[in-house]
1. Could you list, in sequence order, all residues of segment 51-75 that are of a type in the set (A, V, I, L, M) and either within 10 Å of T88 (Cβ to Cβ) or touching a His at 6+ places or on another chain (Cβ under 7 Å) (or both)?
2. Since I54 meets every condition but one in (1) surrounded by fewer than 17 Cβ atoms within 10 Å (Cβ to Cβ); (2) modelled with pLDDT under 85, which condition does it not meet?
3. For segment 57-80, indicate whether the set of residues that are at pLDDT below 85 and touching a helix residue (DSSP H, G or I) at 6+ places or on another chain (Cβ under 8 Å) is non-empty.
4. Consider segment 29-51. How many of its residues are loosely packed, with under 15 Cβ neighbours inside 10 Å and closer than 21 Å to R79 by Cβ?
Amino acid sequence: MTLRDYIRAYEAKTEPFVLEEDYTLLYAPHKGFITYKVAGDALILDHCCTVNDIHWIQRKGREVAREHHCRWLVTQTMRSPRAFLRQTHAHLDLTLSGYRPNGIWYWVFIEEVPPLLSADK
């Protein structure tokens, strides 16, 4: 899929896509896209889209976090937190979850970025 295809899919299910200030867009034609920024020792994922491969988003997020020497990966979703927890095993942080300026509630998840294992190289 093209980036435009993924953006259309994202917008159909969530909200208009806007690349926020200080965020970087990473696009993989056969997987999807993520937007991220580094904030201290955390890598924050914002807009993300994939075709049924949430594990790609998590793997790519961890990879980018390691590249930037981040200890934490922070993700968010407006969809079911149960499904996200089941798929990612991240920790739901209710203190960071809440309504965004767009009026939509987002569940925020934090996970410690595991060290790179030799089998992952």
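1. Within segment 51-75, I54, I57, L73 qualify.
2. Here I54 meets the rest and fails (1).
3. So far as segment 57-80 goes, no, none of its residues is at pLDDT below 85 and touching a helix residue (DSSP H, G or I) at 6+ places or on another chain (Cβ under 8 Å).
4. Kept after step one, since they are loosely packed, with under 15 Cβ neighbours inside 10 Å, are these residues of segment 29-51: 29-30, 39-41, 51.
Those still in the list that are closer than 21 Å to R79 by Cβ too: 51.
Total satisfying the criteria: 1.
The values are calculated or read from the model by the stated rules, or taken from the named source; none is laboratory data. Just so you know, these numbers come straight off a predicted model, no measurement behind them. With ideal geometry, Cβ positions are generated from the backbone for all residues, glycine too; neighbour counts draw on all protein chains shown.
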